[in-house]
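Presented below is the structure to which this report refers.
Every number in this text was worked out from the coordinates using simple rules, so none of it is lab data. Being a predicted model, the structure only gives us computed values, none of them experimental. Neighbour counts run over all protein chains shown; Cβ positions are idealised from the backbone, glycine included.
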Ligand code: BTN
């Protein structure tokens with residue numbers, strides 16, 4: 001199945017597969033052009049953050065896109081994708097918030113996750129989006145989950161939803177340089193307040209614990225350490 005009605009400048013029309021292991025892995029593996037978008041009705045080995053499995057049955061929106069350049073600031077793509085998702089949900093009457101760094105929540109329940117695979121030296125960045133839409137939201141220990149259809153109390157046309165999201169995302173990607181400041185402000189404004197939460201950071205094989213003080217506009221965070229000192233972290237692996 002192919003969606004052919006999108007008005008896109010950077011992204012390409014999505015290629016739909018009945019089943020893939022992971023749309024992120026597919027784009028990492030095959031030599032496709034910049035802006036390629038791959039969606040799967042079902043993923044057999046969907047990946048979540050920190051190597052977790054991402055349950056991806058039919059009915060959900062599972063897709064990834066490819067940016068072929070050496071990206072020094074991959075967090076900027078999380079910002080663009082998160083803002084596009086927030087906008088498209090808002091158009092459908094859903095007020096979603098961004099939980100730093102890459103979750104989209106509605107009333108505290110996780111609706112969507114974003115996963116970035118950045119191969120800087122290979123000049124390939126893959127951004128994957130997983131959203132519970134018409135599928136039953138998976139049970140996750142320690143976290144509430146939801147879906148678009150549960151929130152709207154009706155099923156949603158997946159192709160149209162993806163089309164709307166890609167158009168919005170394409171707009172954000174096209175405007176990223178020109179409106180960088182405004183986009184980052186919007187990202188900050190739409191965040192769930194995570195200040196004061198305990199955070200675990202993995203850096204060079206070490207595990208560091210602290211309390212999150214601020215999420216900065218450059219995607220870094222200010223953490224209050226156990227010894228009372230404050231430290232800025234960027235690009236490390238966080239658990240919150
Ligand atoms: C998270 O853990 O919150 C991120 C989940 C990202 C899941 C999406 S589904 C499409 C793409 N392909 C994958 O294997 N993972 C991402």
When all Cα-Cα pair distances of segment 125-200 are considered, the percent exceeding 14 Å is 76
Please give the calculated 222 nm ellipticity per residue for the chain, where each DSSP H segment of at least 4 residues contributes -39500 (n - 2.57) and the sum is spread over every residue; nearest 500 deg cm²/dmol? -7500 deg cm²/dmol
Averaging 1/r across every pair of distinct alpha carbons in the chain and inverting yields a Kirkwood hydrodynamic radius, in angstrom, of 18.4
In nm, give the distance between the simple-model label positions of residue 144 and residue 18, each being 7 Å from the Cα along the Cα-to-Cβ direction. 3.8
Could you let me know the centre-to-centre spacing of segment 1-62 and segment 141-220, using Cα atoms, in angstrom? 19
Ranked output for segments 209-217, 139-147, 45-53 by mean other Cβ atoms within 10 Å, highest leading, reads 209-217, 45-53, 139-147
Relative contact order (%) - segment 175-240, alpha-carbon pairs under 8 angstrom, separation at least six: 26
Of every Cα-Cα pair in segment 1-135, the percentage lying beyond 27 Å is 14
Quick one: work out the % antiparallel among DSSP beta bridges in segment 6-80, nearest 5. 50
By average C-beta atoms within 10 angstrom, highest first, the peptides 105-113, 63-71: 63-71, 105-113
Using the count of nearby Cβ atoms within 10 Å as a rough guide to exposure, how do 13, 157 rank from fewest to most? 157, 13
Sequence gap at least 6, Cα distance under 8 Å: using those rules, report the relative contact order of segment 114-240 to the nearest whole percent. 12
Hey, what angle do you get for helix 75-91 against the long axis of the chain, alpha-carbon based, 0 to 90 degrees rounded to 10? 60
With Cα atoms, 0 to 90° folded angle of helix 180-189 axis to the chain main axis: 70
Tilt relative to the chain, helix 158-175 - C-alpha long axis, 0 to 90 degrees, to 10: 60
Return a whole-number percent for the relative contact order of the chain, with Cα pairs under 8 Å and 6 or more residues apart as the contact set. 16
Listing 227, 25 from the residue with the fewest other Cβ atoms within 10 Å to the one with the most, what is the order? 227, 25
When N is the residue count of segment 112-240, what does its C-alpha Rg come to as a fraction of 2.2 N^0.38 Å? 1.28
